[in-house]
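Just below is one structure, and these are the notes that go with it.
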Amino acid sequence: MNDLAHQLEGLLQPWQPLPWLAPLQQCCRQRLQRWQRDRKCQQYLELLASLPPAPAGLTCDFTGAAVRIGRAGQLDSAAMEALQLALFGLRPWRKGPFELFGLAIESEWASNLKWDRLSAAIAPLQGRRVLDVGSSNGYYLLRMQAASPALALGLEPYATFFHQFCLLQHFACLPCCLSLPLKFEELPEMTGFFDTLFHMGVLYHLRAPLDSLRALRRCLRRGGELVLETLVIPGEQPLTLTPVERYAKMNNVYFLPTVTALRIWLERSGFERVRCIDVSRTTNAEQRRTAWIQTESLEDFLDPADPDRTVEGYPAPRRALLLAEAR
C-alpha cells in the first residue's frame, strides 16, 4: 500500500504522456498519509500486516455468486485465526458475498443479484479499461476479472472498504486490478481514458447530479459505455423527489428521479442510446442484516406498518439500471 502510486504507474504502463498521472499519484499519497495518522486506519494496517502470505498454488474463482479466493485447508489453523480476526476487524462488509479459504462472508448486500441483472447486457469487458466509481471492497472489480479487462480501476474514499479490498488483493494478487482511496471528484481530468464506467449506488448522494454526469462523460472515450445504477421513484413523468431531511434514514440523499427524468439527465449530459435494462424493488433477499455488519439494514428503513414506504413516508427503495454511450 505504501507504493500505491507506483503500482498505478506500473499498471497503466503509459505508452504516451499522461498529464494527469503525476497529480493522481500525488492525490493518492496525500490521502494515504492522512490515513496513517488516523487511529482506525492504523488498526486496519496492523490487521493487514498480520495476514499470512498467499499460499503457493492459490486459485480464485470470479464466475460464481461468491467471489472465491483460495480453498479450505490451504491455510493452517494459526493463519486461519489471523484471517478471521482481520475480516471481523474490517466490518461492516457491505458488498459480497465472498469465500476466503473456505470461510464464507455473508455481506449485507447480495451483490451478485445486481451483477446478474447487468452482466449480460453490458458491452463485453475483455480488453477494456474500466473505472468503478464507489467500488467499495471491490466485489464488482473482482467479478469483472472473469472477462479479462485490460484494467479494472476502483475508486473508494472510505477507509474501511478500501482496506477490505487491500485484504482481498493481498491474496488474489491480480495484476490488472487496483483500487484508489479517492472520490471521483478528486481525480484530475482523465479525458477519454476509459472504455466502460460503472457508477452504481452513488448518484443520489450527489448535490449536483447533472454536473457529475457531465464529468463522467468526459472520462469516457466516444462510444464508451456508462453503467449507471441509482435509486428512482415510480412514475412516468419527468419528476424528481428531494427528501426534506432523510430518505430511508440516510441524510445524504438529494435527488431521486423517475426513470424518465434520469433519461433526460443523461441525454442532457452528453450521452446517447440511453436504455433502462432493469428496475427492481430492494428486498430482504438482496439487503439484510448479517453477522458481518454491526448496523441497521433494509428492514429498519421501511415503515413496519407499510413496507411500500420508508420510515419517512417516501416510496420504498427501488433501483434502476441504465446503460448509455458517450456522445
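Values quoted throughout were computed directly from the atomic coordinates according to the rules given, and no laboratory measurement underlies them. All of these numbers come straight from a predicted model, not from anything done at the bench. Cβ atoms come from the backbone with ideal geometry, glycine included; neighbour counts cover every protein chain shown.
Amide H contacts under 5 Å for Ser179: Gly154, restricted to partners 5 or more places along the chain or on a different chain, H placed in the peptide plane at 1.01 Å from N. Around the amide H of Val227, modelled in the peptide plane, lie the amide H atoms of Leu197, Phe198, His199, all under 5 Å away and 5 or more residues distant in sequence or on another chain. Listed by chain and number, the lysines placed with their C-alpha closer than 22 angstrom to that of Lys40 are Lys95, Lys183; residues fewer than eight positions away on the same chain are left out. I need the calculated FRET efficiency for the pair Gln36 and Ala72, taking r as the beta carbon distance and R₀ as 35 Å, to the nearest 0.05. My answer for the efficiency is 0.50. Could you tell me which label, among [x] 59, 55, 44; [y] 58, 55, 39; [z] 87, 45, 43, carries the value of Cα extents along the principal axes in Å calculated for this structure? Answer by label: [y]. A simple rule links phi to the HN-Hα coupling: the Karplus curve 6.51 cos²θ - 1.76 cosθ + 1.60 with θ = phi - 60°, which for region 273-284 gives 6, 6, 9, 8, 9, 6, 10, 9, 6, 6, 10, 5 Hz, with x for Gly and Pro.
Antiparallel versus total DSSP beta bridges in the chain: what percent is that, nearest 5? It would help to have the intermediate numbers written out before the result.
Working: 28 of 50 bridges.
Counting only bridges with both partners in the chain, antiparallel ones make up about 55 percent.
Each residue of region 63-74 was assigned a 3J(HN,Hα) from its phi angle through the Karplus expression (A = 6.51, B = -1.76, C = 1.60, θ = phi - 60°), giving 9, x, 4, 8, 6, 10, 10, x, 10, 4, x, 6 Hz with x at Gly and Pro.
Per-residue Karplus couplings for region 154-171, computed as 6.51 cos²θ - 1.76 cosθ + 1.60 with θ equal to phi - 60°, are listed in order as x, 10, 9, x, 8, 4, 4, 6, 4, 6, 4, 4, 4, 5, 4, 6, 4, 8 Hz, Gly and Pro entered as x. Taking label points 7 Å from Cα along the Cα-to-Cβ direction, Glu296 and Gln84 give a separation of 3.2 nm. Charges were assigned to the Cβ only: +1 to each Lys and Arg, -1 to each Asp and Glu. The resulting dipole of region 194-280 about its Cα centre is roughly 260 debye.
List the trypsin sites (Lys or Arg not before Pro) within region 167-243 that DSSP assigns to loop and that have no more than 16 neighbouring Cβ atoms inside 10 Å.
Loop-located and lightly packed - Lys183, Arg207.
Excluding Thr310 itself, what net charge comes from residues whose Cβ is under 13 Å from its Cβ, given Lys and Arg +1 and Asp and Glu -1? With Lys, Arg at +1 and Asp, Glu at -1, the neighbours total -3. Across region 23-141, C-alpha contacts under 8 Å between residues 6 or more apart give a mean separation that, scaled by the residue count, equals a relative contact order of 19 percent. 7 Å from Cα along Cα→Cβ at both Glu106 and Glu186: what's the point-to-point distance in nm? Output for this residue pair reads 3.4 nm.
Given a cut-off of under 8 Å on Cα pairs at least six residues apart, what relative contact order in percent is computed for the chain?
Details: 640 pairs, mean separation 52.3, N = 327.
Normalised by residue count, the contact order of the chain is 16 percent.
To check you understand DSSP bridge types, tell me what percent of the beta bridges within region 9-161 (both residues inside) are antiparallel, rounded to 5. Let's see the in-between values first.
Numbers: 5 of 13 bridges.
Taking every DSSP beta bridge with both residues in region 9-161, the antiparallel ones total about 40 percent.
Count Lys and Arg as plus one, Asp and Glu as minus one, and take only other residues whose Cβ is under 15 Å from that of Phe161; the net charge is then +2. Under a 5 Å amide H cut-off, with hydrogens placed 1.01 Å from N, Ile277 pairs with Leu321, Leu322, Leu323 among residues at least 5 apart or on other chains. Between Ile277 and Thr59, what's the calculated FRET efficiency when r is the beta-carbon distance and R0 is 41 Å? Round to 0.05. E(calc), rounded to 0.05, equals 0.80.
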